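A short reminder: the numbers here are calculations on the coordinates, not readings from a lab. Since we're looking at a predicted model, the values are computed, not measured. Cβ atoms come from the backbone with ideal geometry, glycine included; neighbour counts cover every protein chain shown.
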Amino acid sequence: MSTRSRRGGGGGVVGAIRTDLERLHGAWMELAFPRQRGRGHSVMGKWKPETLPQKLGYHGWSVLGTIGLLLLYPFTVIGLATRFYAAKLDSTRTRFGIVGVTGVALLGWGLLTLAWGAMSYTDQVNIPTDAVLAVAAASAVATVSTALAATFSKVGGRGVTVVLAYPFAMTALFLPPVVAALVTPALEPYILEPSYDFAAWALDNVLVVGGVNEYLRSNYQLEGAAYAAMWFGLSVPIGWFLGIVVALANVVRPSE
């Protein structure tokens, strides 16, 4: 074991966490005070307060940032994990290109739609027309979402990626299992029932503001294609959340 690793967590996970926290805290301090971030080996050095008001403001700002880090750093970890898997998906887009990725999605969803459409006309399998239409609609949405996510991640900047690419990518990821559960009863306990429980929790705990929950309960029923619509709607805020935490992770650990 190296000397560095034996000393107070200088390497490994503990060392990486400490480095992340130092970068975040330095960035926070630099919002109000000059020369705070990454000044350890700088000729000018790190700025330090001299007068009593400066010291009170400096240390008060530092304590406030430390409290914020306790709440913020777990989101950085989520962002690092999301960035890792997003890089895997992005490498697939790089290999196949936007047209190739869209073509694969179109082929897969098209074959699924054709298969269920053909089965609906057989005597052995009784598939409602609504189910076939739900699969076809989800196929179109997922294909378009895949194409838009690949396009925005390639041609857009960080803001476009966060606002547009991540929500469309979430849509392309959420729809396949939901649609599969709609047309495969064996999957219902694993996908649709938890989705129903999540919707009930959201209505009772999140969407109570302004009577949104009462409006949704009075005008909509969570059944059939409504499950796909629900996850399509959730993909937007979830995509924004993941995009923001990835942007935060890029601040802490810039990607190469």
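Listed here are the helices (runs of 4 or more DSSP H) enclosed by region 156-238 that have at least 3 residues being under 22 Å from the mean Cα position of the chain (by Cα) and among the β-branched types (Val, Ile, Thr): 166-183.
Once region 153-193 is narrowed to residues that are farther than 17 Å from Asn250 by Cβ and among the aromatic types (Phe, Trp, Tyr), the residue that is surrounded by the fewest Cβ atoms within 10 Å (Cβ to Cβ) is Tyr190.
Quick grid of which residues meet (1) without any contact (Cβ under 8 Å) to a residue 12 or more places away in the chain; (2) of a type in the set (D, E, K, R); (3) out of contact with any strand residue (DSSP E or B) (no Cβ under 7 Å at 6 or more places or on another chain):
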position	(1), (2), (3)
Val160	yes, no, yes
Glu188	yes, yes, yes
Leu203	no, no, yes
Tyr215	yes, no, yes
Val245	no, no, yes
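Here the condition is being of a type in the set (Gly, Ala, Ser) and closer than 25 Å to Tyr85 by Cα; of Ala186, Ala200, Ala169, Ala225, it holds for Ala169 alone.
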